[in-house]
Amino acid sequence: MRPFLFDNFAERELVLSTHGLSRRFGNRIALAGLDLAVPEGAANVLTGPNAAGKSTALRSMMQLTSPKPGSIQIFGLDVAEEGARVRTRIGYVPETTQVPYPWMTVERLLGHQAVYFPNWDETYAQRLIHALQVPRDVPYGTLSKGYARRVQLILALAHKPGLLLLDEPTDGLDPLARDLVLGLIVDHLGAVPTTLLFSTHLLSEVEGLADCLGLIRDGHLVVQLDRERLRNLFHSYRLVADKNWQAPLELQDQILSSSNSGREWEFSIWGRPGEVKAQLEATGARVEEPRHPALAQAVHSLLAMEVA
Amino acid sequence: MKNIHFPTPSTSSVFWEQTKLILQVRRRQLLWILVPFYLFVFIIELGGGVPGLIDRADDGRGIYLSWVPATEMGFNGDMGTLLFGWTLTLCLGLIWPVFVWSGNAPEQRDYHWTMPIGKTKHDLIRFAAGGCILAAIVLMFLLEASLIRLLPAHTNLFQALSAGAWFNLLAGPLLYYTWATVAAVWSNRPGLTIIAAVFGMMVVVVLSKATPPSLLATAVDFLLQGPYSIQSAAAFLFLTDISGLPKEVTPFQGLVATGFWLCAGFGAIVFASRRSQNNCA
């Protein structure tokens, strides 16, 4: 655990926070004391390897599974006590595309959803149907996964929720459908004030979207950072040095991953790039200009750090 | 947080939506069951008959399909009421929850549970919607039976329905519906669970009768056959109305039994609903 990789967003208003969220299924631990903070108005990306606990965390927020122990606060309300009220302001797209009424036409399904959400904006729903080219009179159960996902997005967005929980919404979609869905999410975030919690392991998709990053592994959070902070303080360094060269001791805690091939070294290091570069050069190494890693590379390095 | 408005759906709007849904989900199957049932009542009452298998050894033809006139079916007025009463009470009451909760087994309920309404409240609203439709189905039967009696030619199969019979014809199906709903809310296989529960009860009854007086026999008597049993609650006025049958159950006992078993069933639904939520994956 490295404190500099955790930002509790204390200075920002939180829409969602979890406290010691834990869940076990038989012998498998799905969540092990998850303390997640989601600041208001931000696009938060929650990522991690398969079975890390991302879906269980989101399902807990929707009360589809009960944390034991742990608590969740959304919009300042305790989900265990006020779950139904909280859900009026949440749009949720689950991992699966199943609904219990596959015989319902898309139009009927939207009508059904509208009954439950008094804030349902029919004009906006129709606009989304048009934008996503969704057929209205076709039974939901006959739709392909791509179209079912589009319908699920409309179900989640048309009441203009304050918090959007998306559980791998692009998983299994073809590239065109993926672009359409991501484009729609971006447009929605631009048009409607919304806090987004987007669970995915396809980080290249959310490179331009993420404001905050949460990295979850084995049921607990290993990184929680503002994207800007990550961009400013997390860099890759390539350097050439003697075979016996060793990284300076004062940087040991900040080195998140490293690899070397002969005299060439590559590091991911946390810290101000000018200072880090100077410290490396002081050891006699020839250091190239530090680079901003892509989000996917950064997460890869952060996961490698934890394994080490 | 800033002052946020949380607009929850009204109970009445959810109730009407659930009623529409139940009628839409299995409307074809429902029509296939109800239309023949109402026709059957109509034909029988007007002195018609039904196709039936007749075993005639004397003419050497053995078993063959023939038209059986209602007058040869061994019904009298009370038996007609009893037959249709029990058909409605047992069959409809036990089968109806499977229609109501179709597509809503605990493992399929995630979609509903993402809605902004308490989960147990949602289950109870659906139960109430199904109960109202069931009551409407029974009332249609009673209306049909009453109207037929106004026609000049009828077999008087349904004699004047007493107030007690009216009460039982409504309370009986609702009672069994309530208890069968517990299985539907509890189990992912409600049909099988209901059959297993009925079969299990039959086994328990047989065992209790085969053994000398014991705690089991007393419990079975109280739960299934005694004056405050579920059977008494569902059909006490049928039993007391029909001449020749021992009037074991007084109307007071029957009414108490009805109230008790309906309340207990309601509590069991709440318990089953909460259990489903706690066991969700």
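Figures for the structure shown
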item: Test: residue in the stretch A:251-271 that is open to solvent by 60 Å² or more (accessible area, probe 1.4 Å), in contact (Cβ under 8 Å) with a residue 40 or more places away in the chain and assigned to a loop (DSSP other than H, G, I, E, B); result: no
item: Residue count for the stretch A:280-300, restricted to those that are surrounded by 18 or more Cβ atoms within 10 Å (Cβ to Cβ) and outside any loop (DSSP other than H, G, I, E, B); result: 5
item: Condition broken by A:Val45, with the remaining ones in (1) buried (at least 20 other Cβ atoms within 10 Å of the Cβ); (2) of a type in the set (A, V, I, L, M); (3) within 22 Å of B:Asp110 (Cα to Cα) satisfied; result: (3)
item: Tabulated pairs, the stretch A:23-50, first farther than 19 Å from A:Thr200 by Cβ, second of a type in the set (Phe, Trp, Tyr) and open to solvent by 50 Å² or more (accessible area, probe 1.4 Å), C-beta under 9 angstrom, 6+ apart or interchain; result: A:Asp35/A:Phe6
item: Filter pass, A:Leu164 being open to solvent by less than 10 Å² (accessible area, probe 1.4 Å) and either in contact (Cβ under 8 Å) with a residue 40 or more places away in the chain or aliphatic (A, V, I, L, M) (or both); result: yes
item: Candidate set: the stretch B:88-120, residues that are among the charged types (D, E, K, R) and out of contact with any Pro (no Cβ under 9 Å at 6 or more places or on another chain); chosen: the one most open to solvent (accessible area, probe 1.4 Å); result: B:Glu107
item: Test for A:Gly219: is it of a type in the set (Gly, Ala, Ser) and crowded, with 21+ Cβ neighbours inside 10 Å; result: yes
item: Residue ranges of strands (runs of 3 or more DSSP E) in the stretch A:9-107 with at least 1 members over 17 Å from the mean Cα position of the chain (by Cα), within 12 Å of chain B (Cβ to nearest Cβ) and over 30 Å from A:Arg136 (Cα atoms); result: A:21-25, A:28-34, A:71-74
item: Matching residues, the stretch A:188-227, being in contact (Cβ under 8 Å) with a residue 12 or more places away in the chain and assigned to a helix (DSSP H, G or I); result: A:His188, A:Leu189, A:Leu203, A:Ser204, A:Glu205, A:Val206, A:Arg227
item: Qualifying residue in the stretch A:115-126 (condition: farther than 15 Å from A:Leu155 by Cβ, more than 7 Å from every other protein chain (Cβ to nearest Cβ) and assigned to a strand (DSSP E or B)); result: no
item: Any hit, the stretch A:109-121, residues being under 30 Å from A:Leu213 (Cα atoms), out of contact with any Phe, Trp or Tyr (no Cβ under 9 Å at 6 or more places or on another chain) and among the hydroxyl-bearing types (Ser, Thr, Tyr); result: no
item: Some residue of the stretch A:8-26 being surrounded by fewer than 15 Cβ atoms within 10 Å (Cβ to Cβ), basic (Lys, Arg) and modelled with pLDDT under 90; result: yes
item: Residue ID - farthest from A:Val93 (Cα to Cα), chosen from residues in the stretch B:121-144 that are within 14 Å of chain A (Cβ to nearest Cβ) and open to solvent by less than 20 Å² (accessible area, probe 1.4 Å); result: B:Ala129
item: Residue that is surrounded by the fewest Cβ atoms within 10 Å (Cβ to Cβ) [pool: residues in the stretch B:182-230 that are of a type in the set (Gly, Ala, Ser) and in contact (Cβ under 8 Å) with a residue 24 or more places away in the chain]; result: B:Gly191
item: Selection status of A:Ala304, out of contact with any helix residue (DSSP H, G or I) (no Cβ under 9 Å at 6 or more places or on another chain) and open to solvent by less than 30 Å² (accessible area, probe 1.4 Å); result: no
item: Where a residue in the stretch B:27-39 is closer than 19 Å to B:Gly130 by Cα and its partner, wherever it lies, is assigned to a helix (DSSP H, G or I), with Cβ under 7 Å and at least six apart; result: B:Leu30/B:Phe99; B:Leu34/B:Ile137
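The values are calculated or read from the model by the stated rules, or taken from the named source; none is laboratory data. In this text the structure is predicted, and so the values were computed from the model without any measurement. So basically every Cβ, Gly included, is an ideal-geometry build from the backbone, and we count neighbours across all protein chains shown. Accessible surface is based on the protein model in full, side chains and every heavy atom, while ligands, DNA and RNA are left aside. Shrake-Rupley method; radii C 1.70, N 1.55, O 1.52, S 1.80 Å.
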